[in-house]
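> This structure is in structure tokens; I'll ask about it shortly.
The values are calculated or read from the model by the stated rules, or taken from the named source; none is laboratory data. Keep in mind it's a predicted model, so treat the numbers as computed, not measured. Cβ sites come from the backbone with ideal geometry, for glycine too, and all protein chains shown count toward neighbours. These area figures cover heavy atoms from the full protein model, side chains too; ligands, DNA and RNA do not enter into them. Shrake-Rupley method; radii C 1.70, N 1.55, O 1.52, S 1.80 Å.
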Amino acid sequence: QLYLQASLTYNIFLDKVRLWAGISNGCFPEAGVEGGIISWNEALERPELLGKIKFASVKSVERSIEKVSRSYSADISRLTDIVRQSIIFKSLADLSTCLDAMASDAQIKILRIKNRYSPTYSSIES
């Protein structure tokens, strides 16, 4: 049931992420290029770049089981990122613009924000 819902919502969520990236000058990882990024707005102007963007896929069942058992003490209700994407920003202002757009979107609910720059951030928890 969970993965059926994930497959049905993937494209809807991806459309949202692309919209937010466009509003906020966001970028996405470039497939096959370590550290490479592609601006979403630039990709819209240069369609040959669209095929080079590496969007995240639905999290695999195997990885979800591993995460639930390793990090969440078998509490599947804590698994919130089966359908996920990453937007990369070149400035904090762009990040803030994106967060504002997300927060004002009545169709989504932000459950948490993972701040990897925080001194208290621990990768063990994710």
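> Determine which single condition Lys59 fails, assuming it passes every other condition in (1) closer than 16 Å to Ile87 by Cα; (2) touching a Leu at 6+ places or on another chain (Cβ under 9 Å).
(1)
> With the requirement that a residue be in a loop (DSSP other than H, G, I, E, B) and either β-branched (Val, Ile, Thr) or modelled with pLDDT of 85 or more (or both), what does region 105-126 give you?
Quick first cut of region 105-126, residues in a loop (DSSP other than H, G, I, E, B) only: 105-122, 126.
Across region 105-126, the qualifying residues are Asp105, Ala106, Gln107, Ile108, Lys109, Ile110, Ile113, Thr120.
> Please indicate, with yes or no, whether at least one residue in region 68-85 is of a type in the set (A, V, I, L, M), under 27 Å from Ile38 (Cα atoms) and at pLDDT 95 or above.
The answer is no; no qualifying residue exists.
> Shifting gears a bit: Closer than 20 Å to Leu8 by Cα, surrounded by 12 or more Cβ atoms within 10 Å (Cβ to Cβ) and free of Cβ contacts under 8 Å to residues at least 60 places away in the same chain - does that describe any residue in region 84-94?
Yes, because at least one residue in region 84-94 is closer than 20 Å to Leu8 by Cα, surrounded by 12 or more Cβ atoms within 10 Å (Cβ to Cβ) and free of Cβ contacts under 8 Å to residues at least 60 places away in the same chain.
> Right, next: When Gln1 is evaluated against the numbered criteria (1) open to solvent by 80 Å² or more (accessible area, probe 1.4 Å); (2) over 18 Å from Asp81 (Cβ atoms); (3) among the polar types (S, T, N, Q), which criterion, by number, is the only one it fails?
(2)
> Still on this model: Evaluate the following for Ser77: is it open to solvent by less than 70 Å² (accessible area, probe 1.4 Å), closer than 20 Å to Leu8 by Cα, free of Cβ contacts under 8 Å to residues at least 40 places away in the same chain and among the polar types (S, T, N, Q)? Steps first, answer last, please.
Working: open to solvent by less than 70 Å² (accessible area, probe 1.4 Å): no; closer than 20 Å to Leu8 by Cα: yes; free of Cβ contacts under 8 Å to residues at least 40 places away in the same chain: yes; among the polar types (S, T, N, Q): yes.
Answer is no for this residue.
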